[in-house]
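Only one structure is covered here, and it is reproduced in the block below.
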Amino acid sequence: MDCVKAVPGDIVTSAIISLGVILLRIIFNKCSKHFFIIKRCLSNLPSAFNEKKPNMSYQIIPSPSYRFSDRKSRTFQKVSLSTLFWFLLILVFGALALKDYQHIVQIDIYAISLFFISSGLICITVSAITNKIQKSTLMFSIFSVLLSFYIYHNANILPAMVAKIPSDFSMKLLFWNNSVFFATIYIFLGLIVAIVEMILVACLFLRMFAIKVDSIKSIKVLQRIINKTEILDGFKNVSLMFVVFTTLSYLLTSGIVTKYVLKSFY
């Protein structure tokens, strides 16, 4: 359990250093037009150790874009009271299941965190060696490493969150003690939002994989995946989703919503 619990410190340190290096190289390329003299001096430094002068430019390869004409119109339905009731009932069963299987959930979160940070580090390391990176790979590398820190934090505080779930937690509390009921629901919703973030990063991984395979062999299914996940190609879009989801999850799991919002109603 202890071996799984702690993400190795050297992996975390290497991930931060690698992200820093890759961002500095991108900034350096952006500023090279204005500081070409500095670039020339820096590019000449390796000549003292190697006769061949390396290419100092860091290349970000743009993602392919595909268009399909079979788009269906979207229709939105209103949420009824029965739908809301079933949604709350599912959350109640989910919270009770979390209370019974918290150790399994905690180990799974540690494993996912380790996978995200390790795979992101590997992608960054390979790109540093090849001096280029595909945009989808860069997006996955950055957000997988950042998200791994947050879900690792959630795994650490999971026992404390589960301890707040009443032993007699059920739908009855909605009518007898609704403040306790919604306080528990909000904590579980915070974990659900964190899971949504994991799914978001998993979609980034799927997009990266699809683009890699598509560059070798054109497959229509993969091209449709690339088309459907095109919104994840924008750094601003993913950053906004990441900030919103992380902030919302933290506010719910930390009890801030319970402390300030529920008290204004009860």
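Given the criteria modelled with pLDDT under 85 and either in a helix (DSSP H, G or I) or within 30 Å of residue 65 (Cβ to Cβ) (or both), does residue 128 qualify? The answer is yes for residue 128.
Scan region 247-261 for residues that are under 15 Å from the mean Cα position of the chain (by Cα) and open to solvent by 30 Å² or more (accessible area, probe 1.4 Å) and report the count.
Result for region 247-261: 3.
Quick one: is residue 244 more than 28 Å from residue 82 (Cβ to Cβ), at pLDDT 90 or above and open to solvent by less than 40 Å² (accessible area, probe 1.4 Å)? No: the conditions fail for residue 244. Residues that are among the acidic types (Asp, Glu), on the phi < 0 side of the Ramachandran plot and open to solvent by less than 30 Å² (accessible area, probe 1.4 Å) occur at least once in region 183-200. With respect to the conditions (1) over 13 Å from the mean Cα position of the chain (by Cα); (2) at pLDDT 90 or above, residue 83 falls short on a single one, namely (2).
Could you check region 208-229 and list, in sequence order, the residues that are open to solvent by 60 Å² or more (accessible area, probe 1.4 Å) and in a helix (DSSP H, G or I)? Write out each step before concluding.
To start, the set of residues in region 208-229 that are open to solvent by 60 Å² or more (accessible area, probe 1.4 Å) comprises 209, 212, 215-221, 224, 228.
Scanning region 208-229 gives 209, 212, 215, 216, 220, 221, 224, 228.
Remark: pairs (first residue in region 121-136, on the phi > 0 side of the Ramachandran plot; second residue not in a strand (DSSP E or B); Cβ separation under 8 Å; 6+ apart in sequence or on different chains) = 131/54; 131/55; 131/57; 131/58. For the residues 145, 162, the requirement of being under 22 Å from residue 259 (Cα atoms) and surrounded by 16 or more Cβ atoms within 10 Å (Cβ to Cβ) singles out 162.
Just to be sure before I move on: is residue 233 under 30 Å from residue 67 (Cα atoms) and open to solvent by 20 Å² or more (accessible area, probe 1.4 Å) in the structure I sent? Steps first, answer last, please.
Values: under 30 Å from residue 67 (Cα atoms): yes; open to solvent by 20 Å² or more (accessible area, probe 1.4 Å): yes.
So residue 233 passes the test.
Residue-by-condition table, conditions (1) within 26 Å of the chain's Cα centre (by Cα); (2) open to solvent by 50 Å² or more (accessible area, probe 1.4 Å); (3) at pLDDT 60 or above; (4) over 24 Å from residue 229 (Cβ atoms):
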residue	(1), (2), (3), (4)
32	no, no, no, yes
40	no, yes, no, yes
64	yes, no, yes, no
68	no, no, yes, no
97	yes, no, yes, yes
117	yes, no, yes, no
120	yes, no, yes, no
123	yes, no, yes, no
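The values are calculated or read from the model by the stated rules, or taken from the named source; none is laboratory data. Predicted model only: the values in this text are computed from it and were never measured. A quick note on method: Cβ atoms are made from the backbone with ideal geometry, for glycine too, and the neighbour counts reach across all protein chains shown. SASA here: full protein model, heavy atoms, side chains in, ligands and nucleic acids out. Shrake-Rupley method; radii C 1.70, N 1.55, O 1.52, S 1.80 Å.
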